[in-house]
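The values are calculated or read from the model by the stated rules, or taken from the named source; none is laboratory data. What you see is a predicted model, and the numbers here were worked out from it, not measured in a lab. Cβ placement follows ideal geometry from the backbone for every residue including glycine, while neighbour counts extend to all protein chains displayed.
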Amino acid sequence: MLDLYNNKYSRKELKDNIYAVKLIDILKTQEIDVSFAVKYILNKKYQLHDDDKCDFFTVLKYQPHISKNALYRALSKYNDDADSVDDFDTVSKRN
């Protein structure tokens, strides 16, 4: 399991462990880019628990380097999960 509060992780490590951590903890402890925020943090596919229900303003609050305009543009252009990980059921059944 990742120790988000004591270590910094790459985009790949965060992506590979997206179901093992809380999205809000990623926002609070890691510096992510706008693409990661849109593809994973704001994607309802990964919001498995009530704690994971992050919105536009939550991202801006915890990732001050991401501008409102950049996040809005990325959200309006995003329509593909091609880079995303498998769904939770598929991931949880892997050996």
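Within the range 36-59, being part of a helix (DSSP H, G or I), surrounded by fewer than 16 Cβ atoms within 10 Å (Cβ to Cβ) and modelled with pLDDT of 95 or more holds for PHE56, PHE57. Residue pairs whose Cβ atoms lie under 6 Å apart, sitting 6 or more positions apart in sequence or on different chains, and linking a residue in the range 13-31 that is touching a residue at least 24 places away in the same chain (Cβ under 8 Å) to a partner that is surrounded by fewer than 16 Cβ atoms within 10 Å (Cβ to Cβ), are TYR19/PHE88; TYR19/VAL91; LYS22/ASP51; ILE24/ASP51; THR29/TYR5.
For the range 1-49, the set of residues classified as charged (D, E, K, R) and in contact with a Lys or Arg (Cβ under 8 Å, 6 or more places away or on another chain) consists of GLU31, ASP33, listed by residue number.
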